[in-house]
Structures are given as structure tokens and as C-alpha cells.
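Remarks on the structure that follows.
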Amino acid sequence: MSYSLPLESSGNIKTGDKVIVIRPAYVAGMRGEVCGQEILADNKPSSRWLILVTEMNLVLSLKPSEFQVIHE
């Protein structure tokens, strides 16, 4: 398994990608899965991604710098 650097642009992130959470601290190091890009009230995509933290059954809205995509 290898890790990519945190992504500052969302161009390489896609739904279904496996990730390791970097921040926030209470879930740092846990695995997750990208559920999709967050959509704002005006139906425009935000710069944040919805991440399902599988170990806690919790969905977080994270910036690309707050997680790393896992390449298995």
C-alpha cells in the first residue's frame, strides 16, 4: 500500500476512493471512503468532500488537505 500526498486540488479525487484521515485529531489515522463532493445550497460544488469514516460509521466534510488517498 502507498499513500499520496494530501491533495490541494480536487481534480484527482473521486467517489469510492479509499483514504486515511489526517484531521480532525479525533479521527486522524482512521480509514475512510469518499462519498462524493459536498454540494452547497445553491447546487454548486464546494471545495470539500464527504468522507465516510468506516471505523466510526461517521460522515465528515473534509478539505483535500485533511485526508490522503490510499493507492492499494
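All of the numbers you see were taken from the coordinates with simple rules; none came from a lab. Quick caveat: nothing in here was measured; it's all calculated off a predicted structure. In this analysis, Cβ positions are derived from the backbone assuming ideal geometry, glycine residues included, and neighbour counts consider all displayed protein chains.
Taking the Cβ of H71 as the center, what net charge do the other residues with Cβ under 12 Å away carry, scoring Lys and Arg +1 and Asp and Glu -1?
Details: positive: K18; negative: D17, E72.
For residues surrounding H71, the net value is -1.
Once you have the Cα-Cα distance between M30 and K14, take 0.36 nm times their residue separation minus that, and quote the gain in nm to one decimal. Please list the in-between numbers first.
Working: separation 16, 0.36 × 16 = 5.76 nm, distance 1.86 nm.
Fully extending the segment from M30 to K14 adds 3.9 nm.
Which residues' amide hydrogens lie under 5 Å from the amide hydrogen of E38, considering only partners 5 or more residues apart or on another chain, with H built in the peptide plane?
Hits under the 5 Å cutoff: S46, R48, W49, L50.
Give the cross-link partners of K63 among the aspartates and glutamates, using a straight C-alpha distance below 20 Å as the criterion and excluding same-chain residues fewer than 8 apart.
Candidates past the 8-residue exclusion: E8, D17, E33, E38, D42, E55.
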